Amino acid sequence: MTRIDDLVVIGAGPYGLSIAAHAADAGLGVRLLGRPMASWRDHMPDGMYLKSEPWSSNLSAPDGRHTLADYCATRGLAAEHGTPLPIDTFSAYGMWFARQAAPEVEEVTVTEVTPQGDGFRVRTAEGPPLLARTVALAVGVMPFVHHPEGLRELPPAHYSHSSGHRDLTRFAGREVAVLGAGQAALETAALLAEQGARPCLVARRSRLNWNTVPQPLDRPALRALRDPHNGLGTGWRSWVWSELPWAVRRLPASTRERIAATALGPAGAWWLRDRFERRVPVLLGHRLHRAVAVGERTRLGLSTRAGESVVLDVAHVIAATGFVPDLARLELLDAGLRAGLGTVGHSRAPELSPCFESSWPGLFFAGLLTAPSFGPSMRFVHGAGFTAGRLVRGVRKRLGARGPRPGSTGVARFDRAAYPGRPPGVPPGHPTTYLR
């Protein structure tokens, strides 16, 4: 009999790992496909730090265990408020979480998700297709890399995205223009300078924004009430984005689009400011209107707010210009299915139910694509906790009370050390596999 899984999770970053952990705890037959923590391990330069506070950067397990602080404690590391944590430490934490809390990750490349019957067929580059009753797409940000229009006619060797570099030492001794004004641009430029390159930051903004040093966690009650801590920073507005994604979803589509596009705009971390300002020259208020390859070098045509033209000649251009949610970029999703999905207003992001289900029954989304539905917390690790619980609730609702379909393994996988008896949420007689 053909195996049909209750849920296939595509993507093994913070969102995919968290969803799979909740699904396994709920007793669903779940498979988790992807390279664990791929964006963090493969697409961020050596030397970067986590911008968010450690206590707001946890992956989500149903019992609240396996936090970043738990991992750091096992390694004798500090995960302290107000102390930046290396990206490599966070990546290692995600790998540890995968071993402790999630089903086994199958490191395969998904090439196609197609409707089949009242479920889905999932093709991979490595083996036969899988069948699933429901699918959760947690593909991270890499499909949605954004390059400025002015760069797109350049030969590929002349420009890149900030997410395309793990090792920046190859730019030592070379002039590099870094486009952007957010954390990725500022930190990439600082790292380039520290590794012997000659960077110049180019930004349309007339000034750079820098986050302030975080306030202590323990503060007088009135001060805490006036400016509350939350998973995305401090203040009541970011508290709403952080703690009430369900309320954001109830707003009109046009309002949600605007919030997703403008809330928590570009800013640098407080701990980066001195490193950046000491070593990186800037061209603020400059807009890119043309880029031309001249031999092995690149000539950028810039214009100021006053209409003056400026020419910048560099060896390479790095666009630290973020990611734009766009269903059209999700090429692994069947074209007909993708074209038929309802979207949020005029955006190219899927409209979702309160449980992250799209207009196609059984197809769920997580991460960046959900920001126009649930707000800016979906752009950060912090949003994984809200997403995982809600999404798995939606999967269970979609599956209904019938239990696993005939042919489904319906196997829940758990850590025996954590659950010496029958794990919570698994009914008597339900098959259970222990990870160790």
Scanning the range 201-231 residue by residue, the ones that are part of a strand (DSSP E or B), buried (at least 18 other Cβ atoms within 10 Å of the Cβ) and touching a residue at least 40 places away in the same chain (Cβ under 8 Å) total 4
If we keep only residues of the range 122-150 that are open to solvent by 20 Å² or more (accessible area, probe 1.4 Å) and of a type in the set (D, E, K, R), then the residue modelled with the highest pLDDT is 123
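Filtering the range 65-115 down to residues that are hydroxyl-bearing (Ser, Thr, Tyr) and either outside any helix (DSSP H, G or I) or touching a Gly at 6+ places or on another chain (Cβ under 6 Å) (or both), which residue is farthest from residue 216 (Cα to Cα)?
Restricting attention to the range 65-115, the residues satisfying the condition of being hydroxyl-bearing (Ser, Thr, Tyr) are 67, 71, 74, 83, 89, 91, 93, 109, 111, 114.
This time we only want the ones that are either outside any helix (DSSP H, G or I) or touching a Gly at 6+ places or on another chain (Cβ under 6 Å) (or both), so: 67, 83, 109, 111, 114.
On the way: 67: 21, 83: 11, 109: 43, 111: 47, 114: 50 Å.
Only one residue fits best here, namely 114.
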When the range 302-328 is checked residue by residue, the ones that are in contact (Cβ under 8 Å) with a residue 60 or more places away in the chain, open to solvent by less than 50 Å² (accessible area, probe 1.4 Å) and either part of a strand (DSSP E or B) or under 30 Å from residue 113 (Cβ atoms) (or both) are 302, 312, 314, 316, 317, 318, 319, 321, 322, 325, 326
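Restricting attention to the range 383-403, does a residue exist that is within 18 Å of residue 257 (Cβ to Cβ) and buried (at least 21 other Cβ atoms within 10 Å of the Cβ)?
Within the range 383-403, the first condition is being within 18 Å of residue 257 (Cβ to Cβ), and the residues that meet it are 383.
Okay, now just the ones that are also buried (at least 21 other Cβ atoms within 10 Å of the Cβ), so 383.
Within the range 383-403, one or more residues are within 18 Å of residue 257 (Cβ to Cβ) and buried (at least 21 other Cβ atoms within 10 Å of the Cβ).
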If we ask which residues in the range 84-104 are open to solvent by 30 Å² or more (accessible area, probe 1.4 Å), over 18 Å from the mean Cα position of the chain (by Cα) and under 20 Å from residue 17 (Cα atoms), their number turns out to be 3
Checked against (1) more than 24 Å from residue 370 (Cβ to Cβ); (2) at pLDDT below 95, residue 257 satisfies every condition except (1)
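Looking at residue 238, is it in a helix (DSSP H, G or I), hydroxyl-bearing (Ser, Thr, Tyr) and surrounded by 14 or more Cβ atoms within 10 Å (Cβ to Cβ)? It would help to see each step written out before you state the result.
Details: in a helix (DSSP H, G or I): yes; hydroxyl-bearing (Ser, Thr, Tyr): yes; surrounded by 14 or more Cβ atoms within 10 Å (Cβ to Cβ): yes.
Yes.
Are any of the residues in the range 180-193 acidic (Asp, Glu), open to solvent by less than 50 Å² (accessible area, probe 1.4 Å) and under 26 Å from the mean Cα position of the chain (by Cα)? Steps first, answer last, please.
Of the range 180-193, the ones acidic (Asp, Glu) are 187.
In the following step, the residues that additionally are open to solvent by less than 50 Å² (accessible area, probe 1.4 Å) were identified as 187.
Right, trim to under 26 Å from the mean Cα position of the chain (by Cα) and you get 187.
Among the residues of the range 180-193, at least one is acidic (Asp, Glu), open to solvent by less than 50 Å² (accessible area, probe 1.4 Å) and under 26 Å from the mean Cα position of the chain (by Cα), which makes the answer yes.
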_Tell me yes or no: at least one residue of the range 293-300 is surrounded by 21 or more Cβ atoms within 10 Å (Cβ to Cβ) and either in contact with a strand residue (DSSP E or B) (Cβ under 7 Å, 6 or more places away or on another chain) or not polar (S, T, N, Q) (or both)._
yes
Of the residues in the range 329-347 that are assigned to a loop (DSSP other than H, G, I, E, B) and out of contact with any helix residue (DSSP H, G or I) (no Cβ under 9 Å at 6 or more places or on another chain), the one that is farthest from residue 110 (Cα to Cα) is 342
Picked from the range 151-171 (must be out of contact with any helix residue (DSSP H, G or I) (no Cβ under 9 Å at 6 or more places or on another chain) and part of a loop (DSSP other than H, G, I, E, B)), the residue least open to solvent (accessible area, probe 1.4 Å) is 154
Flagged pairs (Cβ under 8 angstrom, 6 or more apart or on separate chains; first in the range 335-362, touching a residue at least 24 places away in the same chain (Cβ under 8 Å); second open to solvent by 50 Å² or more (accessible area, probe 1.4 Å) and part of a strand (DSSP E or B)) are 349/343; 351/343
Residues of the range 245-268 being part of a loop (DSSP other than H, G, I, E, B) and more than 19 Å from the chain's Cα centre (by Cα), in sequence order, are 250, 251, 252
In the range 273-290, anything closer than 26 Å to residue 195 by Cα and open to solvent by 100 Å² or more (accessible area, probe 1.4 Å) is listed as 273, 277, 278, 279
Residues of the range 1-45 being in a strand (DSSP E or B) and not charged (D, E, K, R), in sequence order, are 4, 7, 8, 9, 10, 30, 32, 33
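The values are calculated or read from the model by the stated rules, or taken from the named source; none is laboratory data. Predicted model only: the values in this text are computed from it and were never measured. Backbone-built Cβ (ideal geometry, glycine too); neighbour counts: all protein chains shown. In case anyone asks, the SASA skips ligands and DNA or RNA and just uses the protein heavy atoms, side chains included. Shrake-Rupley method; radii C 1.70, N 1.55, O 1.52, S 1.80 Å.
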